[in-house]
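Data first, discussion second: the structure below is written as structure tokens.
The values are calculated or read from the model by the stated rules, or taken from the named source; none is laboratory data. All values reported here derive from a predicted model rather than from experimental measurement. Heavy atoms of the whole protein, side chains included, go into the accessibility calculation; ligands, DNA and RNA do not. Shrake-Rupley method; radii C 1.70, N 1.55, O 1.52, S 1.80 Å.
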Amino acid sequence: MERAWIGIGGGRPGEGRPGPAGEQGAVVQRVMPQSPAATAGLHPGDVVVEFEGDPIHNWMDLLAATGQRQPGQSVHLVVVRDGQRVEVTVTLGVRP
């Protein structure tokens, strides 16, 4: 069975970088080369706060939301980048 994949690694805000603990979202710590995330323009340091309109409170929320989708589906994410909300569409790939 193929599983959907964005192509990012990360954790919760505050892990691996300065900033207040307890922030909401899933921080992108790395973007895999030639991944759906790279194609969509996600960057290390982005914080995913919404997935298809649903709030993302932590990394597990993001993993669960991705796991409910199929490869090839396009999903709408809202990320916080440099303090600004940015909307991104990612076409999910197949998890390697």
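Key figures for this structure:
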| read-out | value |
| --- | --- |
| The chain - percent of accessible surface contributed by carbon and sulfur, probe 1.4 Å | 50 percent |
| Mean ellipticity per residue at 222 nm, deg cm²/dmol - from DSSP H runs of n ≥ 4 across the chain, formula -39500 (n - 2.57) | -3500 deg cm²/dmol |
| Protein-only accessible surface order, largest first, of D61, D54, D82 at 1.4 Å | D82, D54, D61 |
| Listed residues H43, H76 arranged by accessible area, highest first, probe 1.4 Å | H43, H76 |
| Length added when fully stretched, M1-R85, from 0.36 nm per residue minus Cα-Cα | 26.8 nm |
| Over the stretch 53-96: Rg over Rh, Cα atoms, Kirkwood Rh | 0.98 |
| Probe 1.4 Å - accessible area at I56, Å² to nearest ten | 10 Å² |
| For the chain, convex hull volume per residue from C-alpha positions, Å³ | 87 Å³ |
